[in-house]
Amino acid sequence: MKRSSRIVSAGLGLFLMATMSVPVAAQQCKPLNGSFLAQVQPACSGVLCTAGRVWGGIQGDYQFTMDKTIPNGEPEVPTISFFTGHSIITLKSGDQIFGTDIGTIDLPPGHGGFASLITFTGGTGAMTNATGQIRLRGKFDPVAGTTSGDYNGTVCTVQ
């Protein structure tokens, strides 16, 4: 019994030493706050597509594709739906950040408000391993064909 306990202890010690010696890439996280403005894109592979600009903590252009809408199931607010989608933000450097969107939107004839959570899932260049999330709140104006609002959250990149 003592011998097997010593073997397990020695194995655990070797495992811990091995994992401590593996270099771990440092992550640097940056808080993000800003605004966005976009136009509805008529040529769209999804339910709704927009393209526009972001400024503040993230500077650049973005594209959003709403892949799916799901009715909320509440007869009192039938115009509000859940949605999923994907975003691509192209930074001034040319690097891109990819995001998966989930949220709610009040579609016409509703009031047009929406809220979304974008989870970063990587990207290109310095954003290859980007993680983090931003929360958006905004307004969809179907007559003008625009979305606008603000965002806040965090993006983390490997150093």
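Per-residue extension of 0.36 nm, minus the Cα-Cα distance of Asn129 and Cys29, leaves a gain of 34.8 nm for this segment. Footprinting exposure proxy ranking of Ile89, Ile70, fewest other C-beta atoms within 10 angstrom first, gives Ile70, Ile89. Run the reach check for Lys139 against aspartates and glutamates, Cα to Cα strictly under 17 Å, same-chain hits fewer than 8 apart removed. What comes back? Once the sequence-local aspartates and glutamates are set aside, what remains near Lys139 is Asp101, Asp106, Asp150. Here the 3J(HN,Hα) profile of segment 85-91, calculated from phi with Karplus coefficients 6.51, -1.76 and 1.60 at θ = phi - 60°, is x, 9, 10, 10, 10, 9, 6 Hz, Gly and Pro shown as x. For Val47, neighbours were defined as the other residues whose beta-carbon sits under 15 Å from its Cβ, and their charges (Lys and Arg +1, Asp and Glu -1) total -2. Working note: Karplus 6.51/-1.76/1.60 with θ = phi - 60° gives segment 63-71 the couplings 10, 10, 10, 7, 7, 8, 10, 10, x Hz, where Gly and Pro are set to x.
Read-outs throughout are calculated quantities, based only on the coordinates presented, and are distinct from any laboratory measurement. Since we're looking at a predicted model, the values are computed, not measured. Note that we place each Cβ from the backbone using ideal geometry, even for glycine, and neighbour counts take in every protein chain shown.
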